[in-house]
Amino acid sequence: MTCPVCAAADTMEPGAESDILLQRKRKLTYVAIGFIFLLSGIEYAVILPTVWMYLQSLDAQPFFLGLVLSAFSLTELLSGPVFGYWSDKTGKTKHVILLSNCFEIAGNFMYFVGISKWFLLGSRLVAGVGSGAGASIFGYLTRCSSSKERVPVFAMAMACRQGGLLIGPAFNIFLRYCNFQIGPFHVDKFSAPGIFMCALWTLMQFVVIFMFYDLSPNSPELLHHEREPLLKETDIPSPLYGAINCDHDPSSNKEDFSSMENPTTSSTVPVANDHICAQIAEPNESGKKTMMGLIREEIVVLLTAQFVTFFNQTALETLVTPLAQTYLGFEDLQNSLLYFLCGIEMLIGFLVVRSFSRCCSDRKLLVFGLFISNISCIWCLLFLAKPKGSYGFLLTEFVIGVFLQVLGLPFVSVSQVSLFSKVTAEKTQGFNHGLRRSVGGVATILGPLWAAGLTQNLYIMLGTMMGLLLLISVMVILSYKYLVDPTASED
């Protein structure tokens, strides 16, 4: 008697088995990517609360805190395009991630050792190199998802990082009580985050090895999901491009060579000529097309949105703590609770963006996020630049301002990343996202420096944020018709 399960398995088509296997690999890969972003959020949340006290124990001056915090962003913005270019050329995103994780492991171990303040600075520089793999991951997600899936996929990746920011402080509850030896090294509440993250990134290596797959965009499962060309209209080479035209219709070449007397030459010369033309023109054309493809109106708008978003976000993060301490008397416990609630709001925001993406286009989400951000900045200028009134009134003004600012961030950040992936070339997504993240890295360096120097001049500080928001809002309005996927029609 034949087993029904075995009979069903025997009747299953080989193509169906292959599709199931590919779908399983795809889900496992997305889970691995989610864990990577989760760890990046945990690392930020675990190290940030104690890094200043750690530096003080090493006799560091106050300005050293800014150097250490900026060091991570500096090497991230430098390594992002390099890792992205590598993954574009080789298609081996898994190798990029494994290497970048080694930098994270080494950087966090250096943070744990903490010989001196300079060694601590070096640890964040090394760890920042590892964070540059995010460009390759975004490029991979772009190549392996359809245009309709792009916003939900990016939103979930960002939500995973936000989840790490939320649960990260919980680990500090037990890390602060660490007091033991590991060989010659003493583990205390300052060095414990380093060895803790070193262990997590080491475990992450095994997750990547066994769960991450470099799926080809041309695999049957992905083609079944996307049903769309891999190259956008802007990627199709023009026959008039460059000094040497190697893209003529083959029939014209045949006609030219058919008039020659030697038939052997007519059959071989065109092939050799095409090969030589390709070798000569390909390096120059690919480099020129890559750079010229990024100097377009919609690209400039989206990169500007990236800069403004991160500049205002980091400036606000820097401003919130001293403002709450001065006018509301908040201490570390109240500040931790405030950041926790902001994290929950942002996480919910990413999930809302994921839901809205099914019925709203990317550019509409971008416009809505900018609208909320502008209202928030106007509110802060009116009520927080020079706060007055009772404690309850001040608390209400403060909470509303922060709430509005955080509310707009998920809409702006997810939509501009999704649009950027759609209006740039598919084959250079790793490098493109590396460039985008580098722009964001510059903003994360300048934002805290700008805000820290103007905590006593809030009209100038908030006015600059308002000016940047107005600039990008006008740019989006003027370029609205270009902020659309070239391969899809939009109403």
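The values are calculated or read from the model by the stated rules, or taken from the named source; none is laboratory data. Remember, predicted model here, so these are calculated numbers, not experimental data. No Cβ is skipped: glycine too gets one built from the backbone with ideal geometry, and neighbour counts run over all protein chains shown. Each accessible area value is taken on the protein alone, full model and side chains, heavy atoms only, with ligands, DNA and RNA left out. Shrake-Rupley method; radii C 1.70, N 1.55, O 1.52, S 1.80 Å.
I'd like the FRET efficiency for Trp118 and Gln56, computed as 1/(1 + (r/R0)^6) with the beta carbon distance as r and R0 of 22 Å, rounded to 0.05. Once the sixth-power term is evaluated, E becomes 0.90.
Taking the empirical scaling 2.2 N^0.38 Å for compact globular proteins as reference, region 47-128 has a Cα radius of gyration ratio of 1.23.
Centre-to-centre separation between the Cα atoms of region 67-106 and those of region 300-329: 25 Å.
Estimated from the Cβ-Cβ distance and a Förster radius of 60 angstrom, the FRET efficiency linking Asp188 and Tyr480 is about 0.65.
Measuring against 31 Å, Cα to Cα, the residue pairs Lys89/Lys148; Lys386/Lys481; Lys94/Lys422; Lys92/Lys364; Lys89/Lys422 contain Lys386/Lys481; Lys92/Lys364 as the ones spanning a longer distance.
The value of relative contact order for region 327-431, using C-alpha pairs under 8 Å at least six residues apart, is 41 percent. Taking 0.36 nm per residue of separation and subtracting the Cα-Cα distance, full extension of the segment from Ile167 to Phe393 would add 78.3 nm. Inverting the pair-averaged 1/r between distinct Cα atoms of region 63-198 gives 16.4 Å as its Kirkwood hydrodynamic radius.
Model label points for Val31 and Leu337, set 7 angstrom from Cα along the Cα-to-Cβ axis, are 3.8 nm apart. Rounded to the nearest whole angstrom, the semi-axes of the ellipsoid equivalent to region 319-427, taken from the Cα gyration tensor as √(5λ), stand at 32, 15, 11, largest first. Using a simple spin-label model with pseudo-atoms 7 Å out from Cα toward Cβ, Leu328 and Leu382 lie 1.9 nm apart. If I compute solvent accessible area with a 1.4 Å probe over the protein chains, what percent of it on region 68-117 is carbon and sulfur? Carbon-and-sulfur percentage of accessible area, whole number: 73.
Here the peptides 110-121, 55-66, 397-408 are ranked by packing, the mean other Cβ count within 10 Å, and the order with the highest first is 397-408, 110-121, 55-66.
In region 128-177, Rg over Rh equals 1.15, where Rg is the alpha-carbon radius of gyration and Rh the Kirkwood radius from pairwise Cα distances.
Here the label points at Ser18 and Phe403, each 7 Å from Cα along the C-beta direction, are separated by 5.5 nm in the simple model.
One chain, two ends: Arg176 and Phe206. Fully extended at 0.36 nm per residue, the span grows by 8.0 nm beyond their Cα-Cα distance. Between the beta carbons of Phe371 and Asn457, assuming R0 = 25 Å, the FRET efficiency works out to 0.40 to the nearest 0.05. Measuring between their Cα centroids, region 364-427 and region 138-178 lie 20 Å from each other.
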